[in-house]
1. Which percent of Cα-Cα pairs in the chain sits in each 20 Å bin, short to long?
2. Using DSSP to call loops (not H, G, I, E or B), can you name the GluC sites (Glu not before Pro) in the range 175-216 whose Cβ has at most 16 other Cβ atoms within 10 angstrom?
3. Taking 0.36 nm per intervening residue step and subtracting the Cα-Cα distance, what contour gain separates ASP295 from THR77 on full extension?
4. Report the Stokes-Einstein translational diffusion coefficient (µm² s⁻¹, integer) for the range 1-96, Rh taken as the Kirkwood radius over Cα pairs, at 37 °C with viscosity 0.692 mPa s.
5. How many nm separate the modelled label positions at LYS97 and ALA139, each set 7 Å beyond the Cα in the direction of the Cβ?
6. May I ask you to sort PHE133, PHE27, PHE189 by Cβ crowding, counting other Cβ atoms within 10 Å and putting the fewest first?
7. Provide the three semi-axes, in whole Å and in decreasing order, of the ellipsoid equivalent to the range 117-214 as defined by the square roots of 5 times the Cα gyration tensor eigenvalues.
8. Determine, from the Cβ-Cβ distance of GLU315 and ARG188 and an R0 of 22 Å, the FRET efficiency 1/(1 + (r/R0)^6), rounded to the nearest 0.05.
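Nothing in this text is a laboratory measurement; each read-out follows from the coordinates by a stated rule. As the structure is a computational prediction, the values presented were derived from the model and not from experiment. No Cβ is skipped: glycine too gets one built from the backbone with ideal geometry, and neighbour counts run over all protein chains shown.
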Amino acid sequence: MSGTVRRIPVVNLSHYRAGTPAERARFVGVFGDGLKEFGFVTVEGHGVDDGLIRRTYSDVERLFALPEAVKSRYADTERGGQRGYIGYGQEHARNRKVGDLKEFWHVGRELPPSHRYRDVYGANMWPQEVATFREHTLALFHALDGAAGVMLQALAEYFGVERDTFRDMATDGNSVLRLIHYPPLKERFIPGGVRAAEHEDINLLTLLCEGTASGLELLTRDGEWLPVDTLRGQIVVDSGDMLSRVTNGIIPATTHRVVNPRSPAEDTVRYSLPFFVHPYADCVLQPLPCTQTPDNPARHAPITADAFLKQRLRENGLLK
Ligand SMILES: O=C(O)CCC(=O)C(=O)O
Ligand SMILES: [Fe+2]
């Protein structure tokens, strides 16, 4: 089937949550095949409140409009920008030196001070200047985390393994909600820079609430770039490198990018809200037994999620 799909498959998560056995089975098949053959699936009926997404976007606009001197007070220097503010041009794709034309902010999982991962993940930073930021971003984190857990259950069914196999990996996981601002190109162009140069995400799954402008593109298995335009109320899901590891490459990581807007729209601002679903720090990334066959022996040595993350953050210029 590879190479024959032209449009991103669309599924409705409520069919899996509360549908008939036939609807559930259909969801599992289309979602799993979509990630496997295509790399992106559009999800409707996910239960994430549209109003909450709007309110978060409104906070995000206010946040990035703050002076640089204020935003940089919230820069995390210890954990490779995993919490708080990451300045313009700091992150670059692997194997690229030029920074992406974006600034962003990471909100992570809130853990009690006694939690074993509290110091490993680090505490969130909250901008005092945007009063509702904490409430809205945590609510959105929670809603996306819940929807992702259900998608991970469906994916386990796709592989015919115990239903919580993937969801358990993401329980207490180091997931992050990334709030991105791509400013007008004229404002702060870096020669050779791209809004987000082509890359694969590090994590298991990424859930993207619709961006405020076009530009996101995915590389099809045929090697063609295809624009990904999400309608209001849809969430686009793609697979990351960690999912590729635990499925032994059966679900490859999706290559994608965000292209620069062209004249006369080069000054279009773009905001987006990807949610990166990560395993817990000590989770060992190794292929599920059912994915290892004589034709497809284990492709990588086991590595913990935390070690893998740190390796990639170094390659992306975020961790020194
Ligand atoms: O802005 C987007 O739509 C996607 C961003 C992205 O791919 C990323 O931050 O990993
Ligand atoms: Fe990405």
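1. Taking every Cα pair in the chain, the percentages come to 33, 61, 7.
2. Passing both the DSSP loop test and the Cβ count: GLU187.
3. Numbers: separation 218, 0.36 × 218 = 78.48 nm, distance 4.42 nm.
Length gained between ASP295 and THR77: 74.1 nm.
4. Numbers: Rh = 17.3 Å.
D = 190 µm²/s.
5. Between LYS97 and ALA139, the label points sit 4.7 nm apart.
6. Working: PHE133 20, PHE27 25, PHE189 13.
Exposure proxy ranking, most exposed first: PHE189, PHE133, PHE27.
7. 30, 20, 13
8. Computed FRET efficiency for GLU315 and ARG188: 0.40.
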